[in-house]
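The values are calculated or read from the model by the stated rules, or taken from the named source; none is laboratory data. The shown structure was predicted, so the numbers you read here are calculated from the model rather than taken from an experiment. A quick note on method: Cβ atoms are made from the backbone with ideal geometry, for glycine too, and the neighbour counts reach across all protein chains shown.
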Amino acid sequence: MSSRGGKVAVASVAIVASWFFGVNFWKPLVVEQLEKDGNLRSDVHYEKPKVDIKSWADLRQKLEAVADPQKNFSEEDKASLEQLKEQLQENRPRES
């Protein structure tokens, strides 16, 4: 039989994972509905996810890019990487 500590650890992981994935699933849907209703607060900033997979071929290309990034990046992915590099350069701490 499992120890009591093991059961608590498994239950804790399950609760945290459920909460995390639940929030990430429902948050865009709730924000979209609030925008449609005109009830979205202006002082709360929500950034919509940038990853948008349009087809199975697009998904396959992205998975191949993970396997071998040098050969399989699309032009859109390369542009996104350049934008990310620029943001990192802007946010880099200045040397004193």
Considering only region 5-19, I want to know if a residue exists there that is among the hydrophobic types (A, V, I, L, M, F, W, C) and surrounded by fewer than 10 Cβ atoms within 10 Å (Cβ to Cβ). no
Scan of region 45-59 for residues that are closer than 18 Å to residue 24 by Cβ and either modelled with pLDDT of 75 or more or of a type in the set (Ser, Thr, Tyr) (or both), ordered by number: 45, 46
Regarding residue 44, is this residue assigned to a helix (DSSP H, G or I) and of a type in the set (Val, Ile, Thr)? no
For region 60-75, does any single residue satisfy the condition of being within 28 Å of residue 26 (Cβ to Cβ), modelled with pLDDT under 80 and of a type in the set (A, V, I, L, M, F, W, C)? yes
Please determine, by comparing only the residues of region 26-38 that are exposed (fewer than 10 other Cβ atoms within 10 Å of the Cβ) and assigned to a helix (DSSP H, G or I), which one is nearest to the chain's Cα centre (by Cα). 29
